Each structure stands twice: as C-alpha cells, then as structure tokens.
Amino acid sequence: MDKKKIIAIKELPVYLQADVVVCGGGTAGVFAAVAAAKEGASVLMVEALGGLGGSAVNGVVVPMMSVHIKEEPRCSYLHRDMMKHLEAYLPDRINENSFDPLILGAVLEQMCTENGVDILLDAVLCDVATEGGAIRDIAVMCQGGIRRISGKVFIDCTGDGILSVLAGAEYEVGAPESKINQPMSLRYLLGGVDKKKLRQFFDSLKYPNTAQSGKDGENLYADVTNKRVSGLTPFFEKAIEAGELVYEDMVYWQLFDVPGRTDGVALNNPEFFEYTDACDPKQLTQIHLKGKQIILRQLNFYKKYFPGCENAYVSNISAMVGVRESRRILGEYELTGEDLLEQKKFEDAISQANYPVDVHGMKELYRDDRPHGDTNKPWYEIPFRCLVVKGFDNLLTAGRCISSDFIAQSAVRIQICCHSTGEAAGVAAAMSIQNAVSVKKIKGQEVRARMQERGAAFV
C-alpha cells in the first residue's frame, strides 16, 4: 500500500513552518535547535512526548559520561551554557557527569524558549514529503488530527532515525551479521534511601566494583554483572536461591547517585536481552509491562538486603524504553570501529572523544583493550560528513543515529557526543540557509570554526 495516498501532505494547510525543523527533542535536538536559533534561523522543535530531554530525561539516564580526554573538552559551547543553568538549580552538584533528570528537562526547555525556539510537543512524526532530493514537508499526528509542517532544512534527532527513514534514506540496523540491537533497559529512581547508611554498607564490602567517588567521597555508585564479581554479588545470589530474584536481575545492574536528591538514587536496569528489535512497538510495549513488575521485585530485594533502603520507594519509572542503538542513518561518511581504534582524525571533525566501545551483551564481537579512562591516550574524532544524510540536500542527523557502524556507535552514542553533533548540525543548517546552498556544500571546518568562535573547546 502506498502510504502517500493515505496522508496527502500537500493537500493539508500548513500548520507551522520554520527555516529549520528539528525532529526529536532529546539533548541532540535541543542543542541543534538552539545552535541554529543563535545563528539567526527560525527554528521549530517537534517532539513526540510531552517534554524535552529524550533519554536523559524521559529515559532517566542520569550519567552524562566523560569523553576521557584530558581537561574534558566538550566540543560544545551550549554544553557550558547548560551546565550554568543546571548549577543555578543545583549549586551542590557532585560532578559534571551527573544530574537530576527532571531538572535537566526544565533546563533544556528553558534554553529553547530563551533563544526563541518554537516547540511542538505531543506531535508524532508520521509522514514525509520529498521532492528532488530534499524534504519539503512533514506530517505529524497530534491533538486534532494530522498537521502539516514546512521547513527549509530538517534535522533528524529522533534517535531511531524516523525522519530519515520516512524520507527514504538508507540505514543499517544492529550487529553486523545478526542485525540484533543492543539490549534495552527500563530505568527508574528510588526515593526514601538513607544514603549515608547505604554508603557505609557499600564501604564495608571492600570490593573495587562496589565503589564511591565524587565530591568528598559522598557520591554513590555500585554495580553487579555476570562478567565480574562485585561485593554485592553474594546478596544477589542469596536472593536468587530464595526465589526473590531471578538470574537476569544480576546480569547487568547499576546504581548511581542523583545530585540534589538527598534520599534519591538511580538504577540502570532491568536490562532485556530477549527483545532484539528496538523499533518493534510490540517489543517496546512488553519491556514497559514486564519492566515495571521487575522493578517492584527489585524494590523488595533492596528493602530486605540493603541497609539504608528499608524505607525506599519507587519515585520515578522511565517514560520511554532505554534504547542504546537502533537505526544508523547512512551519511557521506560512516565512522567505523577501526577509526576509533586508530584514533583517526578528520579535517572536518566537529566532535572529539575517547569513550571506549560499550556494546552491551555482545562483547565477544569486539574488545577495546585500551585502559578505560586513560586521559593520556590519543582521541578519535567524528567528522561532519557523518551528519550529512546520503542522497539529500537539506537533511542532517545528530545524536545516536548518525552515520556509524555498530561498533563505533556504541562509543559515540553518549550524551556529550550528542551535544556536539547536535550543535554542529544546528550551525550547519543555519549556514545552509544563509548561503542558499545544500547542506552537502557546507564545510565541516567552517562549522567547527563557528562553534569555537562561540566558545566550544577542542583539543
């Protein structure tokens, strides 16, 4: 069936229009939108959920992670602005790599409104009209029916590459042979935790993988996996033997502190290995349904086995499934795992990082033997060409769906890279409009130079 016959976009009146239309309101999308607006373009942000922040906010992904480069260059001037906004709300923040997700969501929305970005929430992208290698209009389903939105340049920050796929762009999915995606998660927050008591419990275990770090040693961190022994492993094993947990509860489990929440912690689990297609709505539904039951089971475990969690309660469950990797849109250049291993540099680089390969559940595919967190190692770069969608004159990507192979994507999907690729895409989109040229004609060197003029730090 020809979907164009179902949604005749050009027969709809134009509901909204802008120079730059950004689809997807995660951190990549926000940085793209704000960067384009600061360059003088009119910008519309279209988001399927009821608030901005994507995985970081609606997916409750608390850690921002480090780029593992000495002095932590962020390759993004907007990252600095975001941190200033966060610190205004959270002056006692523990470090630059953690945040309260609800505060972050409000901050990202504030950044957009302060810079004149128009926002349309609860708008689900459902069709795209193209002409001559360019997107002309998109259709979104929202309150009152299907609406038409027009733009000059479009930026795909949907994570799953929805805009690009609907436009007909080429893409890759999953691991090289199996086409299976990395495992997905459903994260949550706990309240009512006596963090001092819990910290003392972790300290008493004296295992390196049950660790504390941060300001004055007050940050909380712990993990349990099936790959290595943690001080908490015996407690999980005891609960499994008693029928209170199942083996899958300890395959991948992480606990993080949440800055500003005196009794709050974040959990990076449960992780689902049985669902292999991050774009299958039936599988995503099952993760929501099963995940909530698992979370309640784990809560009872903490209350019984973890001192300090006797009065714990679930304060937040992720509104969206934690998807690490799904579609990767093919661009003018595809970043590879070999590029990362070789610490490859590019003339048109718009992002730098040294975050290691992080493939969940499939580590036999690839091993990064370089010391984790060694800031003296050479770094790798992301070229602007990874953002330019192959075959299109006015379409860019940013965030985790940029052009990269399965291995490279596992490293460059972190928030910091999403910030810099988003910012670069926004600057490039504005340049394309100002110069009346295809985004393919924009030079990454000029994009980077403009980012640096505004304060982005590169090595």
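The values are calculated or read from the model by the stated rules, or taken from the named source; none is laboratory data. Remember, it's a predicted structure, so these values are computed and weren't measured experimentally. Positions of Cβ are backbone-derived with ideal geometry, glycine not excepted, and every protein chain shown enters the neighbour counts.
For the range 105-124, the set of residues classified as buried (at least 21 other Cβ atoms within 10 Å of the Cβ), out of contact with any His (no Cβ under 9 Å at 6 or more places or on another chain) and of a type in the set (A, V, I, L, M) consists of 117, 123, listed by residue number.
Does residue 61 satisfy the condition of being more than 25 Å from residue 317 (Cα to Cα), at pLDDT below 95 and touching a strand residue (DSSP E or B) at 6+ places or on another chain (Cβ under 7 Å)? No, not satisfied.
Screening the range 137-168 for residues that are assigned to a strand (DSSP E or B) and free of Cβ contacts under 8 Å to residues at least 24 places away in the same chain and picking the one that is surrounded by the fewest Cβ atoms within 10 Å (Cβ to Cβ) gives 145. When the range 169-206 is filtered for residues that are touching a strand residue (DSSP E or B) at 6+ places or on another chain (Cβ under 8 Å), in a loop (DSSP other than H, G, I, E, B), under 19 Å from residue 336 (Cα atoms) and among the charged types (D, E, K, R), the ones remaining, listed by number, are 170, 179.
Among the conditions (1) farther than 21 Å from residue 82 by Cα; (2) in contact with a Ser or Thr (Cβ under 8 Å, 6 or more places away or on another chain), the only one that residue 435 does not satisfy is (2). Count of the range 308-342 residues, restricted to those that are aromatic (Phe, Trp, Tyr) and part of a strand (DSSP E or B), is 1. If the condition is being at pLDDT below 95 and part of a loop (DSSP other than H, G, I, E, B), then the range 375-399 contributes 375, 376, 377, 378, 379.
Does residue 438 satisfy the condition of being of a type outside the set (Lys, Arg) and surrounded by 24 or more Cβ atoms within 10 Å (Cβ to Cβ)? Judged against the criteria, residue 438 is not a match. Of everything listed in (1) among the β-branched types (Val, Ile, Thr); (2) at pLDDT 95 or above; (3) closer than 27 Å to residue 408 by Cα, the single unmet condition for residue 146 is (3). When residue 127 is tested against (1) touching a residue at least 24 places away in the same chain (Cβ under 8 Å); (2) within 27 Å of residue 459 (Cβ to Cβ), only condition (2) is not met.
Can you name the residue in the range 272-307 that is assigned to a loop (DSSP other than H, G, I, E, B) and hydrophobic (A, V, I, L, M, F, W, C) and, of all such residues, is surrounded by the most Cβ atoms within 10 Å (Cβ to Cβ)? Checked the range 272-307; the qualifying residue surrounded by the most Cβ atoms within 10 Å (Cβ to Cβ) is 278. When 340, 284, 330 are checked against the criterion of being more than 30 Å from residue 449 (Cβ to Cβ) and of a type in the set (A, V, I, L, M), 284 stands alone in meeting it. Under the condition of being part of a loop (DSSP other than H, G, I, E, B) and either touching a Cys at 6+ places or on another chain (Cβ under 8 Å) or closer than 19 Å to residue 192 by Cβ (or both), the residues counted in the range 242-267 number 7.
Note on the range 400-459: enclosed helices (runs of 4 or more DSSP H) holding 2 or more residues that are modelled with pLDDT under 95 are 406-412, 415-435. Could you tell me whether residue 427 is touching a Lys or Arg at 6+ places or on another chain (Cβ under 6 Å) and in contact (Cβ under 8 Å) with a residue 24 or more places away in the chain? Spelling it out, residue 427 is indeed touching a Lys or Arg at 6+ places or on another chain (Cβ under 6 Å) and in contact (Cβ under 8 Å) with a residue 24 or more places away in the chain. Among the residues of the range 216-231, not a single one is crowded, with 18+ Cβ neighbours inside 10 Å, modelled with pLDDT of 95 or more, of a type outside the set (Gly, Ala, Ser) and out of contact with any Cys (no Cβ under 6 Å at 6 or more places or on another chain).
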